[in-house]
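Single-structure report; data block below.
The values are calculated or read from the model by the stated rules, or taken from the named source; none is laboratory data. Computed from a predicted structure; not experimentally measured. Here the Cβ positions follow ideal geometry from the backbone for every residue, glycine too, while neighbour counts run over all protein chains shown.
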Amino acid sequence: FGPMAGPGMAPMNWLPLHMSIGVTVIAMILLRLFWRVFTKVPVRPLPRPVRFAGALVHACLYVTILAVLITGWLGYRPMPFMPPARLFGSLPVPLAPTMGGLSARAFAVLHAKLVWLLLGLVGVHVLAALAHAALLRDGVMRGMSLGRPDVAPRE
């Protein structure tokens, strides 16, 4: 799937950009988790199953994103005679330690499968956000936007 799929050197040409994006995402996730630890979640009068589903999907998103990033790093092994990948064109990528009997190839395969899981979770998250905005009109989207929404929450 995409430019990273397939044999040969073509995917390797995309690897530095791919890895730089991954490092950017992990930095953003760590900042988000840090922010989440030190800020309160707004109390909303949502039914318990809706709150539980939201918490579960968010936890799955965070865990899956971190798993995608970690397995990507553990699955990286440069080809022989290839210069090392550099993040943002300057920072060398440290090689991950070997993990017992698991090969870098196994982590790369797991990385690809986790990406599909992540895409499914993102789809669920987007559908839930649209349901909150269009059907429930409960103000949940207000916390995710910078401006004020046009529709007030239902009373």
- Item | Breaking point among (1) surrounded by 12 or more Cβ atoms within 10 Å (Cβ to Cβ); (2) in contact with a Gly (Cβ under 9 Å, 6 or more places away or on another chain), for Arg105 | (1)
- Query: Hey, any hits in segment 75-85 for a residue that's part of a loop (DSSP other than H, G, I, E, B), surrounded by 15 or more Cβ atoms within 10 Å (Cβ to Cβ), of a type in the set (Phe, Trp, Tyr) and modelled with pLDDT under 85?
  - Reply: yes
- Note on the structure: How many residues of segment 103-135 are over 22 Å from Ser20 (Cα atoms) and without any contact (Cβ under 8 Å) to a residue 24 or more places away in the chain? The answer is 12
- Task: Identify the single condition in (1) under 24 Å from Ala104 (Cα atoms); (2) more than 16 Å from the chain's Cα centre (by Cα) that Ile65 does not satisfy, given that it satisfies every other one.
- Result: (2)
- Within segment 86-98, the residues that are surrounded by fewer than 15 Cβ atoms within 10 Å (Cβ to Cβ), part of a loop (DSSP other than H, G, I, E, B) and in contact with a Lys or Arg (Cβ under 9 Å, 6 or more places away or on another chain) are Leu95
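Return a yes/no flag: does segment 44-65 have any residue that is of a type in the set (Val, Ile, Thr) and modelled with pLDDT under 90. Reasoning before the result, please.
First, the residues of segment 44-65 that are of a type in the set (Val, Ile, Thr): 50, 57, 63-65.
Keeping just the survivors that are modelled with pLDDT under 90 gives 50.
Yes: segment 44-65 contains one or more residues that are of a type in the set (Val, Ile, Thr) and modelled with pLDDT under 90.
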- Of those in segment 22-54 that are surrounded by 11 or more Cβ atoms within 10 Å (Cβ to Cβ) and among the charged types (D, E, K, R), the residue nearest to Leu118 (Cα to Cα) is Arg32
- Message: Here are the criteria: (1) under 30 Å from Ala128 (Cβ atoms); (2) modelled with pLDDT under 85. Tell me which single one Val23 does not satisfy.
- Response: (2)
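Test Leu117 against the stated conditions and say whether it is of a type outside the set (Gly, Ala, Ser) and at pLDDT 85 or above. Can you show your working first?
Details: of a type outside the set (Gly, Ala, Ser): yes; at pLDDT 85 or above: yes.
In short, yes.
Out of everything in segment 120-155 that is outside any helix (DSSP H, G or I) and under 22 Å from the mean Cα position of the chain (by Cα), what residue ends up being modelled with the lowest pLDDT? Give the derivation first.
So in segment 120-155, the residues outside any helix (DSSP H, G or I) come out as 137-139, 145-155.
Still in the list and also under 22 Å from the mean Cα position of the chain (by Cα): 145-146.
On the way: Ser145: 65, Leu146: 58.
By that ranking, first place goes to Leu146.
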